[in-house]
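Data first, discussion second: the structure below is written as structure tokens.
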Amino acid sequence: MQPITQALLDLQEIDRKLYRVESELERLPAEVAQREHELAQIEARIAELTQQAAATRRDAKEVEDYTVGMRQRQRKLESESTKGKIDAAMLASYQHEIRSLKRGISEAEDEALRKLGAAEAIEKERAELEQRLAEERRIFEEFQSNVEKELAVAKARQAELLAERQSASAEGVPPEALELYRRLLKTREGEALSELADGHCQSCFVQIPRNLGVRLAKGEIVQCPSCTRILYRTF
Ligand SMILES: [Zn+2]
């Protein structure tokens, strides 16, 4: 094997592990943030339902207060009607008003009941969400403490690998090849090299034109035309 290829393969060995560790270091906090966001959404919904329930109960109370006024008026008219000194026209008018008050009271009572029912349904939904939130928080706390442990392990491993890479020699690798290698590490998920075997790139399985194989044999840096990884042969 070409010494340049061998040097890059040695680096790749370390960088592959480093890539995985660094992906973990990015993924774990992102997952914590995502879960925190989900908890905040539940909390916001609970606050919304709390407000809705209070507003609906206030509405119901207003309707009830309104029926109190109508009942007072009804009782007053009823007592006026039983006093003897009232003429027939007045009595008829009182009775008409009493009938319409009774209708109004009955409708208002129905409305107040409907509103109370609605408030109870909202409060039930809120209570269920609060229970879910408590459960989700418990799960989250467990998850978070696991993440902290995993992060500590990953950071230690990252430091080890960085030290290992520091001491790995890239001697004999031309700077432009090294730069290409580093760029590919980033864009190709930590795999900058790919084996050429049976005429195919072993990463993307595209067929490699013969002339590229010839150039590779001459010791040139050759990239796969499809996945752009640096090709190597193991023999
Ligand atoms: Zn390829």
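The values are calculated or read from the model by the stated rules, or taken from the named source; none is laboratory data. None of these values were measured; they are calculated from a predicted model. Using ideal geometry, Cβ is built from the backbone for each residue, glycine included, and neighbour counts are taken over all protein chains shown.
Observations on the model:
- Residue pairs whose Cβ atoms lie under 7 Å apart, separated by 6 or more positions or on different chains, with the first residue in the range 168-186 and without any contact (Cβ under 8 Å) to a residue 40 or more places away in the chain and the second surrounded by fewer than 11 Cβ atoms within 10 Å (Cβ to Cβ) and not in a helix (DSSP H, G or I), do not occur.
- Subset of the range 190-221 [part of a loop (DSSP other than H, G, I, E, B), within 19 Å of LEU8 (Cβ to Cβ) and within 11 Å of the ligand (Cβ to nearest atom)]: GLU191, GLN202, SER203, CYS204, ILE208
- Of all residues in the range 222-235 being surrounded by fewer than 18 Cβ atoms within 10 Å (Cβ to Cβ) and more than 30 Å from GLU26 (Cβ to Cβ), the one that is farthest from the ligand (Cβ to nearest atom): PHE235
- Among all residues of the range 73-93, there is none that is at pLDDT 95 or above, more than 25 Å from ALA54 (Cα to Cα), surrounded by 12 or more Cβ atoms within 10 Å (Cβ to Cβ) and β-branched (Val, Ile, Thr).
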